[in-house]
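Accompanying notes for the structure given below.
The values are calculated or read from the model by the stated rules, or taken from the named source; none is laboratory data. Quick caveat: nothing in here was measured; it's all calculated off a predicted structure. Cβ placement follows ideal geometry from the backbone for every residue including glycine, while neighbour counts extend to all protein chains displayed.
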Amino acid sequence: MSKVIVSGTVIRGHQVASGAALDDRFPEGTLKMQLPIFRERGLDLSVFHLATLNVSFEDGRPGLGEPAHTFRDVKWHPTEPAEDFSFFPCRIREPETDDFVEALIYFPHPETKPEHEQPEDVLEVLAMRKLAGLEYGVAVDLEYKLHA
C-alpha cells in the first residue's frame, strides 16, 4: 500500500449532514439520524464531529482504492429511499495547526443518493473534531492509503 496526499479546497455543502440546512426532514442532521444504523452495522461514527467537510479537487475527485466499510441498502429515514455508503480512512491536515487529524471519507454512492448530490470533484470528510482555522476557500490536504 502507498500513501497519497491530495490537496483540495473547502467549499460550502448542502448543510444537511450537520442539520444547519434547517430541513424539517432532518432536524438534527442526516448524520445523527444515520448514527444508530451504522453502529449496528459495525461503524461507530459518534467519535466524529457530526458535520461533513466538502473538499473540492481542481483535477477532479481523486481515486480512493478500497473502502474500509461499505454498507448497502441503508434505510436510515422513514420516507427517504435506502442508500449505499462507503467509508475510507484518511487524515486531514488542520489549517491552523498544520497537524493531521484522523478522519473518514464519507461517500454516499451517487447512484443511490436521492438528492443533495455532490459535484464530481467533491469528497465529503468526517473529522474526529472540529478543525481550527477552517473556512470556505481554505486549502486542506487529505492523506490516505491506496491499495497497490
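Below, the figures for the structure above:
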item: Failed item in (1) modelled with pLDDT of 90 or more; (2) crowded, with 17+ Cβ neighbours inside 10 Å; (3) over 16 Å from the mean Cα position of the chain (by Cα), with residue 53 passing the rest; result: (3)
item: Subset of the stretch 121-133 that is closer than 17 Å to residue 12 by Cβ and exposed (fewer than 15 other Cβ atoms within 10 Å of the Cβ) - its residue that is modelled with the highest pLDDT; result: 130
item: Members of the stretch 4-39 that are of a type in the set (A, V, I, L, M) and at pLDDT below 80; result: 16, 17, 20, 21, 22
item: Filter result (in a loop (DSSP other than H, G, I, E, B) and on the phi < 0 side of the Ramachandran plot) within the stretch 122-148; result: 128, 129, 130, 131, 132, 134, 135, 136, 138, 147, 148
item: Tabulated pairs, the stretch 1-13, first farther than 16 Å from residue 120 by Cα and surrounded by 15 or more Cβ atoms within 10 Å (Cβ to Cβ), second at pLDDT below 90 and of a type in the set (D, E, K, R), C-beta under 9 angstrom, 6+ apart or interchain; result: 4/145
item: Among the candidates 58, 80, residue that is more than 17 Å from the chain's Cα centre (by Cα), on the phi < 0 side of the Ramachandran plot and at pLDDT 85 or above; result: 58
item: The stretch 134-148, residues that are touching a Ser or Thr at 6+ places or on another chain (Cβ under 8 Å), loosely packed, with under 12 Cβ neighbours inside 10 Å and within 16 Å of residue 11 (Cβ to Cβ); result: 137, 139
item: Which listed residue is among the charged types (D, E, K, R) and crowded, with 18+ Cβ neighbours inside 10 Å, from 96, 58, 66, 83; result: 83
item: Enumeration of residues in the stretch 36-60 that are more than 20 Å from residue 134 (Cβ to Cβ) and either acidic (Asp, Glu) or touching an Asp or Glu at 6+ places or on another chain (Cβ under 8 Å) (or both); result: 38, 40, 44, 59, 60
item: Which numbered condition residue 42 misses (of (1) buried (at least 19 other Cβ atoms within 10 Å of the Cβ); (2) small (Gly, Ala, Ser); (3) at pLDDT 95 or above); result: (1)
